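> One structure, pasted below without further comment.
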Amino acid sequence: SQQGEEDPQALSIQEGENATMNCSYKTSINNLQWYRQNSGRGLVHLILIRSNEREKHSGRLRVTLDTSKKSSSLLITASRAADTASYFCATAPGGGTSGSRLTFGEGTQLTVNP
Amino acid sequence: DTGVSQNPRHKITKRGQNVTFRCDPISEHNRLYWYRQTLGQGPEFLTYFQNEAQLEKSRLLSDRFSAERPKGSFSTLEIQRTEQGDSAMYLCASYPWGVPSSDEQFFGPGTRLTVL
C-alpha cells in the first residue's frame, strides 16, 4: 500500500496563479522528494528536502517539511501551462542509506489553464 | 542520449504469455530500481540491484516476476504467465550510490504493458 497520501487529488488553476499540493506520510523518513510526471511518461525529479530541513526553494518551487506532522507541501508560484502534470511526493526510509527505495504518494493532477 | 532507456516502450500481450522488458541505466550508475505504476496511482517499488546483486524485493514481486542484472549494467524484468492485473507502466530508475549526490533517482520513460 502507498505510504504517502496527497491532496488534493486534482487541482485546476489559471496561468499565473500559485498551486499548493500537500503530502502526508506515515513512517520516519530520511528525505522527501517531489517528482513530476507528464502524461504517460517517466518521472522527473523536482526537489529534495532532508528530514532535518524545514524549507527549501528551487526556482519557482518551494517545499516545506513538518516531521512532527509527517507532512510536506509543494508550492509552485506563477504557474504556467507547461506545469500541467501529475506531481508525486516520494519518501526515502529513515535509517536507510542514500539511494534507498522510494515510497510514492498517489499524486496530484495539476491542470494550469492558459 | 545519456539518460535511462527502456525497451520496448509499449507491449501488448495475451493473458498467459511471458514478457520481458529491458532497462539500460545511466552508465556508471551502480543502483538500478524497478517500479510499477497502475493508472491513476503513484509508482510502487518492486526491486533494486546494486551492481549485479539484487538487494531488495517487494512483496508485490510474485514468483511470476523475475529480475536480473547479470553484468551489473542493463537489467531485465520478466513476467511469466501474464495476468490482466499485470497491466501497468513498468518504470526503471538508476542512481550512483557511493557518489555524493542529491539522492535523486533518474527514471526512464517506462514500458507500458497491456494484457488482453
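Each value in this text was obtained by applying a stated rule to the coordinates, not by laboratory testing. In this text the structure is predicted, and so the values were computed from the model without any measurement. Neighbour counts run over all protein chains shown; Cβ positions are idealised from the backbone, glycine included.
> Considering only region A:7-47, state which residues are more than 16 Å from residue A:84 (Cα to Cα) and in contact with a Leu (Cβ under 9 Å, 6 or more places away or on another chain).
Matches in region A:7-47: A:22, A:23, A:25, A:29, A:31, A:32, A:33, A:47.
> Looking for whichever is at the interface with another protein chain (Cβ under 9 Å from one of its Cβ atoms), in a strand (DSSP E or B), without any contact (Cβ under 8 Å) to a residue 60 or more places away in the chain and of a type in the set (Asp, Glu) here; the options are B:56, B:104. Which one fits?
Every option except B:56 fails the conditions.
> In this structure, does residue B:71 turn out to be more than 8 Å from every other protein chain (Cβ to nearest Cβ), over 29 Å from residue A:47 (Cβ atoms) and in a strand (DSSP E or B)?
no
> Could you tell me whether any residue of region A:32-48 is among the β-branched types (Val, Ile, Thr) and away from chain B (no Cβ under 11 Å)?
No, that holds for no residue.
> Considering only region A:92-112, state which residues are β-branched (Val, Ile, Thr) and either within 11 Å of chain B (Cβ to nearest Cβ) or not in a strand (DSSP E or B) (or both).
Those that are β-branched (Val, Ile, Thr) and either within 11 Å of chain B (Cβ to nearest Cβ) or not in a strand (DSSP E or B) (or both): A:97, A:103, A:108.
> Moving on to the next point. Can you find, within region A:2-26, the residue that is farthest from the other protein chains (Cβ to nearest Cβ) among those that are closer than 17 Å to residue A:54 by Cα and among the hydroxyl-bearing types (Ser, Thr, Tyr)?
A:20
> Would you please name the residue that is farthest from residue B:98 (Cα to Cα), looking only at residues in region B:31-44 that are outside any strand (DSSP E or B) and facing chain A (nearest Cβ under 9 Å)?
Checking each candidate, the answer is B:40.
Results for (1) surrounded by 21 or more Cβ atoms within 10 Å (Cβ to Cβ); (2) basic (Lys, Arg); (3) assigned to a strand (DSSP E or B), shown as yes or no for each residue.
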residue	(1), (2), (3)
B:46	yes, no, yes
B:90	yes, no, yes
B:109	no, no, no
B:112	no, yes, yes
